[in-house]
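Read-outs throughout are calculated quantities, based only on the coordinates presented, and are distinct from any laboratory measurement. Keep in mind that this is a model prediction, so the values were computed, not measured. Neighbour counts run over all protein chains shown; Cβ positions are idealised from the backbone, glycine included.
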Amino acid sequence: MKAKIKIRVAEIKDIHRITEIYNEALVASSFVQDNNVHTLEKRIEWFSQKRAEGLPVYVAENNQGRVVGFANLNIFLTAEYDTTVHISIYVAEGNRGLGIGKIMIKKLIEWSKENQKHTILAGIDSENMPSIRLHESFGFVEVASFNEVIKKFGLYRNLNFYQLMLKQEE
């Protein structure tokens, strides 16, 4: 039986689990372009900033009510790029490959269209094929590649940028 996944707006009560999911991906994968484990305080600050910026943070809950993923949009560079957003999606270990990422990316695209965003960017490690395939399945195309931008687990990693141009409903 396939697990039923519910996507909802994240609440402050979800920050502990969001932090766990992020840190789990950070320490277990070379695909997260970060080397610093996040504290609960840092994630609370991040969440408050998302709210102040008016940008969404969603969580994916399984049928037991456990948060198994989260997704959000970020300001790209500075507020002057207000019609461009940067996407982030994280799915907890043991829940990947179940379609949770697809459900969350769809929700972020819908939000972006409803809020008159023009384009969505995704920074993806060049070897993260599941994420690349996911984004490409929604029409994202590779637009830039940055070589050896972060050192992780003793090796330099490449970062590719993918872009989705949004078509606004007339």
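The aspartates and glutamates within cross-link reach of Lys106, meaning a Cα-to-Cα straight distance under 19 Å and a gap of 8 or more places when in the same chain, are Glu61, Glu114, Glu136, Glu142, Glu169.
Only beta bridges with both residues in segment 1-154 are counted; by DSSP, about 85 percent of them are antiparallel. Please state the shape class of segment 1-75: rounded when a/c is under 1.5, otherwise prolate if a/b exceeds b/c and oblate if not, all from the C-alpha gyration tensor. In terms of gyration-tensor shape, oblate. Placing a label point 7 Å from the Cα of Asp34 along the Cα-to-Cβ direction, the residues of segment 133-170 whose backbone N falls under 19 Å from that point are 149-154, 157-162.
With the contact rule set at Cα under 8 Å and sequence spacing of 6 or more, what percent relative contact order holds for the chain?
Details: 280 pairs, mean separation 33.6, N = 170.
Rounded, it is 20 percent for the chain.
Taking the Cα centre of segment 8-82 as origin and assigning +1 to Lys and Arg Cβ atoms and -1 to Asp and Glu Cβ atoms, the resulting dipole is close to 260 debye.
Using the Karplus relation 6.51 cos²θ - 1.76 cosθ + 1.60 with θ = phi - 60°, the per-residue 3J(HN,Hα) values for segment 14-31 come to 8, 4, 4, 5, 4, 4, 4, 5, 4, 5, 4, 5, 4, 7, 9, 10, 7, 7 Hz, with x marking Gly and Pro.
Extents of the chain, largest first, come to 46, 38, 36 Å (Cα atoms, principal axes, whole angstrom).
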